[in-house]
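The values are calculated or read from the model by the stated rules, or taken from the named source; none is laboratory data. What you are looking at is a predicted structure, and each value in this text was computed from that prediction instead of being measured. When we count neighbours, we look across all protein chains shown, and the Cβ atoms used for this are built from the backbone with ideal geometry, even at glycine. What goes into the accessible areas is simple: the full protein's heavy atoms, side chains included, and nothing from ligands, DNA or RNA. Shrake-Rupley method; radii C 1.70, N 1.55, O 1.52, S 1.80 Å.
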Amino acid sequence: MPVLVMKFGGTSVATLDRIRRAAKRVGVEVSKGYDVIVIVSAMSGKTNELVGWVNETSPLYDAREYDAVVSSGENVTAGLMALTLQEMDIPARSWQGWQVPVKTTAAHSSARIEEIPPANIMSKFGEGMKVAVVAGFQGVSPEGRITTLGRGGSDTTAVAFAAAFEAERCDIYTDVDGVYTTDPRVSAKARKLDKIAFEEMLELASLGAKVLQTRSVELAMRYKVKLRVLSSFEEQSDEAGTLVCDEEEIMESNVVSGIAFSRDEAKMTLVSVADRPGIAAAIFTALSEGGVNVDMIVQNISEEGRTDMTWSCPVDQTKRAEKAMDEAKAAGTINFNELIADTDVAKVSVVGIGMRSHTGVAAKMFQVLSNEGINIKVITTSEIKISVLIDRKYMELAVQALHDAFELDKAA
Ligand code: ADP
Ligand code: ASP
Ligand code: MG
């Protein structure tokens, strides 16, 4: 039997009614003759609640116990989904990550999937089971401890299963009906895309569009998984939603195909550090060892042998960054006057593979922001994206103005 992977996100399994609705969708695919692997998220809000409990109990928590707690939301929905399917007379059972097993690295709270041996589930399909319901977002480390894959990780579970089982398709059911030119909750003019190239989706995801976890897009690209995003709230046809595919499969696309944003950023500046070989290495090694995920970096001009170094990182990591810099100063590895943290910034990015062959996108982007009176604090670019850091209060305005200026509401 051909295998199909269907993933249901948090809002799609938020209540027993919604689980029933999702199960009906699964039933439709079973009746077409598929063996189905269903990947479920925790009920919406559940993972946040669990993370909150961990933080309240132990602010500098043991990541292994964080994973033990935070993975549990998916166990509940997996069991409930299996029960719902059984009530519909569809042979189904649930699996937690360790039971499959979903083998991951030991990087707790952001583990990577290394292997999913299909034998266990395949033998059950052989015995007549029609649906394997698997708890998303979780796996087991080489030491036998429960791991989680980072927020939004059920998408990655789904794509990894699709690759391991050579599934015909991986359908990601969510609360929007596809991938849009930008988050439809921020711009009413956002337009649904029928297709988007892997590279573009990868950039959008890593720049903040949470509709797919970045790692899931990477895996789909590497293993050539046919990946589709669609709504769990509407009747669906085989053409519904957005197909994430190879660039070659897309006939026409705009120069800029999407806008992503990341709301909770911080900009930090180390004032007056010695401008000498090795200083950047010293600063960013200390930050990395302190668990800070640095994104953008700017080294300002040097005067009398001293310079300012600016970087951005997630706003909830500013305390860690301050601690790392204070410790490095105390140890004498870095000398600086002060560390300034601007915790009210957001990152807005325009993305498009058309930028490879078109010039002027950056100039236009900066002009649009200037017309709106928005000051740019940091800029970074790559072959297919331009990102700017701006005051958080202007984020929505920037996204909408850029969406208008690049005419993303119109198809190419
Ligand atoms: P799920 O719980 O199903 O995994 P998520 O909340 O993780 O759902 O992702 C879906 C959300 O992603 C949407 O509700 C939407 O607000 C957001 N989103 C951000 N950027 C985009 C985009 N470009 N296209 C569609 N949705 C987007
Ligand atoms: N429940 C997890 C989260 O909220 C994983 C997921 O939904 O993909 O991050
Ligand atoms: Mg998600």
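Whole percent per 5 Å bin, from 0 to the bin with the longest distance: what is P(r) over all C-alpha pairs of the stretch 181-251?
3, 16, 26, 27, 19, 8, 1
As I understand it, the value is the acute angle between the Cα axis of helix 46-57 and the longest principal axis of the Cα atoms of the chain; what does it come to in degrees, rounded to 10?
50
Let me spell out the model: positive unit charges on the Cβ of Lys and Arg, negative unit charges on the Cβ of Asp and Glu, origin at the Cα centre of the stretch 243-325. What dipole size does that give, in debye rounded to 20?
On the way: 7 positive and 15 negative charges, 145 e Å.
Computed charge dipole of the stretch 243-325: roughly 700 debye.
Before I look further, what does the stretch 1-139 give for accessible area per residue, probe 1.4 Å, in whole square angstrom? The partial results should precede the final answer.
Working: 6100 Å² over 139 residues.
With all protein chains present, the stretch 1-139 gives 44 Å² per residue.
Counting only C-alpha contacts under 8 Å and six or more residues apart, can you give the relative contact order of the chain as a whole percent? Don't skip to the end; give the middle numbers.
Details: 890 pairs, mean separation 55.9, N = 412.
Result for the chain is 14 percent.
For the chain, with the dipole built from +1 on Lys and Arg beta-carbon atoms and -1 on Asp and Glu ones, taken about the Cα centre, which of 278, 309, 11 lies farthest toward the positive end?
Result: 11.
Return the aspartates and glutamates within reach of residue 410: Cα separation strictly under 15 angstrom, same-chain partners fewer than 8 residues apart disregarded; answer none if there are no such residues.
The reachable aspartates and glutamates, counting only those whose Cα sits under 15 Å from residue 410, are 194, 252.
If I fit a long axis through the Cα atoms of helix 72-87 and take the longest principal axis of the Cα atoms of the chain, what angle between them do I get, 0 to 90°, rounded to 10?
Value to nearest ten degrees: 20.
With Cβ to Cβ distances under 12 Å as the rule, what net charge do the other residues near residue 144 carry (K, R +1; D, E -1)? Display every interim value, and only then the final one.
Values: positive: 64, 103, 145; negative: 143.
Neighbour charge sum, excluding residue 144 itself: +2.
What FRET efficiency do you get for residue 276 and residue 379 if R0 is 22 Å and r is their Cβ-Cβ distance, rounded to the nearest 0.05?
Values: r = 26 Å, r/R0 = 1.17.
Working from the Cβ atoms, E equals 0.30.
Show me the ranking of peptides 190-198, 298-306 by mean Cβ neighbours inside 10 Å, starting with the highest. Provide the component values of the computation, followed by the final result.
Working: 190-198: 20.1, 298-306: 11.8.
Highest mean packing first, the order is 190-198, 298-306.
Based on alpha-carbon positions alone, could you give the equivalent ellipsoid semi-axes of the stretch 299-412 from the gyration tensor, as √(5λ), descending, whole Å? It would help to have the intermediate numbers written out before the result.
Numbers: eigenvalues 228, 50, 34 Å².
Equivalent ellipsoid semi-axes, largest first: 34, 16, 13 Å.
For the chain, I need the span (max minus min coordinate) of the C-alpha atoms along each principal axis, in Å, sorted largest to smallest.
77, 50, 32
What base-10 log of the normalised intensity I(q)/I(0) is obtained for the stretch 37-145 from the Debye formula, alpha carbons as equal point scatterers, at q = 0.11, 0.15, 0.19, 0.24 Å⁻¹?
For the stretch 37-145 at q = 0.11, 0.15, 0.19, 0.24 Å⁻¹, log10 I(q)/I(0) is -0.38, -0.67, -0.97, -1.28.
Rounded if a/c is under 1.5, else prolate if a/b beats b/c, else oblate: with a ≥ b ≥ c from the C-alpha gyration tensor eigenvalues square-rooted, which is the stretch 291-333? Can you show the working numbers first?
Details: a/c = 3.24, a/b = 1.26, b/c = 2.56.
Because a/c hits 1.5 or more and a/b fails to exceed b/c, the stretch 291-333 counts as oblate.
Give the distance, in whole Å, between the Cα centre of the stretch 66-81 and the Cα centre of the stretch 182-201.
Each part's Cα centre sits 30 Å from the other's.
Quick one: check the C-alpha center-to-center distance for the stretch 115-155 versus the stretch 369-412, whole angstrom.
40
To the nearest 20 debye, what is the magnitude of the charge dipole of the chain about its Cα centre, counting +1 on the Cβ of each Lys and Arg and -1 on the Cβ of each Asp and Glu? Please report the intermediate quantities before stating the final value.
Working: 44 positive and 58 negative charges, 106 e Å.
Rounded to the nearest 20 debye, it is 520 debye.
In debye to the nearest 20, how big a dipole does the stretch 254-412 give about its Cα centre with +1 on each Lys and Arg Cβ and -1 on each Asp and Glu Cβ?
On the way: 16 positive and 22 negative charges, 58 e Å.
Computed about the Cα centre, the dipole is about 280 debye.
Where does helix 395-405 land angle-wise versus the long Cα axis of the chain, in degrees 0 to 90, nearest 10?
Approximately 80 degrees, to the nearest ten.
Which of the lysines could a cross-linker bridge to residue 329, judged by Cα under 16 Å and excluding same-chain residues fewer than eight apart?
319
If you wrap the stretch 1-96's Cα atoms in a convex hull and average its projection over all directions, what's the area in nm²?
On the way: hull surface 25.6 nm².
Taking a quarter of the hull surface, the average projection is 6.4 nm².
Determine the per residue accessible area of the stretch 142-198 with all protein chains present and a 1.4 angstrom probe, expressed in square angstrom.
Ligands and nucleic acids excluded, the figure is 37 Å² per residue.
Run the accessible area of the stretch 133-250 with a 1.4 Å probe and give the carbon-and-sulfur part as a rounded percent.
Heavy-atom surface of the stretch 133-250 belonging to carbon and sulfur, 1.4 Å probe: 46 percent.
Would you mind checking the pairs 103/192; 130/226; 32/385; 103/124; 195/347; 192/393 and listing those with alpha carbons more than 31 angstrom apart? Before the final figure, lay out each step's value.
Details: 103/192 35 Å; 130/226 21 Å; 32/385 41 Å; 103/124 19 Å; 195/347 25 Å; 192/393 26 Å.
Where the Cα-Cα span goes over 31 Å, the pairs concerned are 103/192; 32/385.
Could you work out the helix-only [θ] at 222 nm for the chain, with each DSSP H run of four or more residues adding -39,500 (n - 2.57) and the total divided by the number of residues, to the nearest 500 deg cm²/dmol? Don't jump to the answer; show the numbers that get you there.
Values: 12 runs with 137 residues, N = 412.
Mean residue ellipticity at 222 nm (helix-derived): -10000 deg cm²/dmol.
Please give the peptides 35-47, 250-262 ranked by average Cβ packing (other Cβ atoms within 10 Å per residue), highest first, as a rough proxy for protection. Working shown, then result.
Details: 35-47: 24.5, 250-262: 20.4.
Going from most to least packed, we get 35-47, 250-262.
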